[in-house]
């Protein structure tokens, strides 16, 4: 199995206890503690016990490096668990609906990538081959989670993982999905070998992606070829500048237009967010011109509440890239990811579609 299943010992690395308080992690189902011998059996048992959402980590930075970018995204999953597991269990979110599945085993791939430089063509090719191998590990896990009637919440890792997530979910539902991606980059670069900049292009080519909208696309951080490819594939975007700089429309208006399109498309929705989109967060391709975290939280909540969602994917958090050091990065990224996951769950639990 390409998974390290979460059991009590795994969770104990992240969970703290305090007298008189109940924390989220204390109420989660743990995949490694269930009696099933196969992943489908574990997932079926978790659903029978009340789980609806599955936490899954992909601790890697192969895809960003294969896209000529920075590493550092390996630590976001553990940073998230260190924060979210210790949030309060209360009337707003009890935690019983959550299965902590565990993480994709990426150690071997990461070790093979150690020391490789994207400046050297052969080493860059190797990074892209390793990213493709990661696709093959993640896709069947997502397919089995979705086929079990559960919603994966995937914490990366690079945005390269959008492709195997979409491909796996598409296989499970036997059809393409819609996706809304809050991101300054379209990630629709040429299919030149796998990396974090072309996950949605690969998903489109493979028939896993139907309607696609990039919310907050930065007008000068996408090359002409990518923009032309988006148009040719009939994909959409609303730029960062249109909403937050020129104020040609409000975020609420943009979300309403996207919702209208999603209802017409009629497909299950993948909610995608690249932490590069948010101002001030340590990420693989940090941007100064980012949106406020509160707007990102609202966008995730709105999409989760108003649409039939298949999954949430949060990518590119890179604690190691924080200017104050990795400890500060883990605190910041762990908190940001926790707030985003809570916003998604709040939307799903109050869904009105």
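The values are calculated or read from the model by the stated rules, or taken from the named source; none is laboratory data. Predicted, not measured: the structure shown is a model, and the values here were computed from it. So basically every Cβ, Gly included, is an ideal-geometry build from the backbone, and we count neighbours across all protein chains shown.
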Helices (runs of 4 or more DSSP H) within region 223-311 that include 1 or more residues under 27 Å from residue 176 (Cβ atoms) and in contact with a helix residue (DSSP H, G or I) (Cβ under 6 Å, 6 or more places away or on another chain): 251-265, 293-306
With respect to residue 173, determine if the residue is in contact (Cβ under 8 Å) with a residue 24 or more places away in the chain, surrounded by 24 or more Cβ atoms within 10 Å (Cβ to Cβ), over 19 Å from residue 238 (Cβ atoms) and in contact with a helix residue (DSSP H, G or I) (Cβ under 7 Å, 6 or more places away or on another chain). no
Could you grab me the full set of residues in region 204-217 that are touching a helix residue (DSSP H, G or I) at 6+ places or on another chain (Cβ under 7 Å), buried (at least 20 other Cβ atoms within 10 Å of the Cβ) and outside any strand (DSSP E or B)? 208
So which helices (runs of 4 or more DSSP H) are wholly in region 1-117 and hold at least 3 residues that are more than 20 Å from residue 336 (Cβ to Cβ)? 8-12, 39-48, 62-66, 107-113
For residues in region 117-155 being at pLDDT below 95 and in contact with a helix residue (DSSP H, G or I) (Cβ under 9 Å, 6 or more places away or on another chain), which is surrounded by the most Cβ atoms within 10 Å (Cβ to Cβ)? 118
Would a scan of region 341-352 turn up a residue that is in a helix (DSSP H, G or I), free of Cβ contacts under 8 Å to residues at least 40 places away in the same chain and either at negative phi or out of contact with any helix residue (DSSP H, G or I) (no Cβ under 7 Å at 6 or more places or on another chain) (or both)? no
Conditions: (1) touching a residue at least 60 places away in the same chain (Cβ under 8 Å); (2) not in a helix (DSSP H, G or I). Residue 141 meets all but one. Number of the miss? (2)
Go through 43, 56, 39 for me and flag whichever is within 17 Å of residue 6 (Cβ to Cβ), surrounded by fewer than 24 Cβ atoms within 10 Å (Cβ to Cβ) and at pLDDT 95 or above. 39
